[in-house]
Amino acid sequence: MIRINQELLDFFSQLSESSVHTIVKEKVFSSKEKIIIQGKYVPSIFIVKSGIVKCYVNEDNGRDFIQEFFSTGEILGELEVFNDIISFCNAEAITEVTGYEIDAKDFYTLLENHPKLNLLLLKALANKVRDTAIRASQQQSYPIAYNLKKLMKFSSDEAMAFSKQDIADYLGITLRSLNRALHEIS
């Protein structure tokens with residue numbers, strides 16, 4: 001439920017202590033503060049050092065669909081920076097979030113000078129695609145109560161920061177359906 005990438009965090013932690021520390025800026029976001037805003041230009045990438053971020057799309061019908069929850073070591077904004085596009089989603093701090101911010105130009109320089117970073121990013125993107133495919137398949141193939149039980153099984157103590165609405169949005173269901181499923185499994 002909460003994605004982490006310790007390998008990527010370790011890489012950027014070492015960078016922030018090395019000679020390139022001037023391009024790796026530490027930044028803090030308060031709970032409910034947006035790190036990335038849907039429909040806006042994204043000038044940099046962000047690596048989560050601590051805290052929890054929800055990445056979600058605000059649909060035309062006014063509903064939110066949570067794509068994923070990100071934590072330690074996860075990268076945000078890479079798709080927008082790689083493709084030079086506006087953001088298709090929001091990334092919002094659920095808890096206080098600390099991380100590393102790197103401007104797009106400097107990020108490309110890091111990619112040119114650090115082959116290991118390229119491999120770490122390929123792995124991170126491949127894992128995002130894999131996890132999204134698995135989650136979509138399970139949400140379509142199983143009843144809400146089953147998906148809710150599975151979600152609760154994998155939840156950590158940090159997940160207690162999630163509202164019922166966040167859980168419903170993550171499962172792609174209404175709050176009413178979530179309440180029915182909670183009643184069904186209790």
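When region 43-65 is examined, which residues are found to be farther than 23 Å from I2 by Cα and in contact (Cβ under 8 Å) with a residue 24 or more places away in the chain?
P43
Please give the helices (runs of 4 or more DSSP H) falling wholly within region 73-144 in which 3 or more residues are under 24 Å from K164 (Cβ atoms) and out of contact with any Lys or Arg (no Cβ under 7 Å at 6 or more places or on another chain).
115-141
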Output the residues belonging to region 1-19 that are touching a strand residue (DSSP E or B) at 6+ places or on another chain (Cβ under 9 Å) and in a loop (DSSP other than H, G, I, E, B).
M1, I4, N5
Within region 49-60, identify whether any single residue is surrounded by 20 or more Cβ atoms within 10 Å (Cβ to Cβ) and over 14 Å from the mean Cα position of the chain (by Cα), and answer yes or no.
no
Could you please tell me which pairs satisfy a Cβ distance under 6 Å, a separation of 6+ or placement on different chains, a first residue in region 1-29 that is more than 18 Å from D103 (Cβ to Cβ), and a second residue that is of a type in the set (D, E, K, R)?
R3/E68; R3/E74; N5/E74
Scan region 36-65 for residues that are touching a helix residue (DSSP H, G or I) at 6+ places or on another chain (Cβ under 8 Å), of a type outside the set (S, T, Y) and not in a loop (DSSP other than H, G, I, E, B) and jot them down.
I36, I45, I47, V48, K49, K54, D64, F65
Among what's in region 98-131 and is within 17 Å of the chain's Cα centre (by Cα) and surrounded by 17 or more Cβ atoms within 10 Å (Cβ to Cβ), pick the residue that is nearest to L171 (Cα to Cα).
K128
Looking only at region 1-32, which residues are farther than 22 Å from L119 by Cα, out of contact with any Ser or Thr (no Cβ under 6 Å at 6 or more places or on another chain) and among the polar types (S, T, N, Q)?
T22, S30
Flag for E68 being closer than 14 Å to L125 by Cα, modelled with pLDDT of 95 or more and of a type in the set (D, E)
no
E80 being in contact with a strand residue (DSSP E or B) (Cβ under 9 Å, 6 or more places away or on another chain) and loosely packed, with under 13 Cβ neighbours inside 10 Å:
no
Among the residues listed as V20, V48, V42, the single one being at pLDDT below 95 and among the β-branched types (V, I, T):
V20
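The values are calculated or read from the model by the stated rules, or taken from the named source; none is laboratory data. The shown structure was predicted, so the numbers you read here are calculated from the model rather than taken from an experiment. Neighbour counts run over all protein chains shown; Cβ positions are idealised from the backbone, glycine included.
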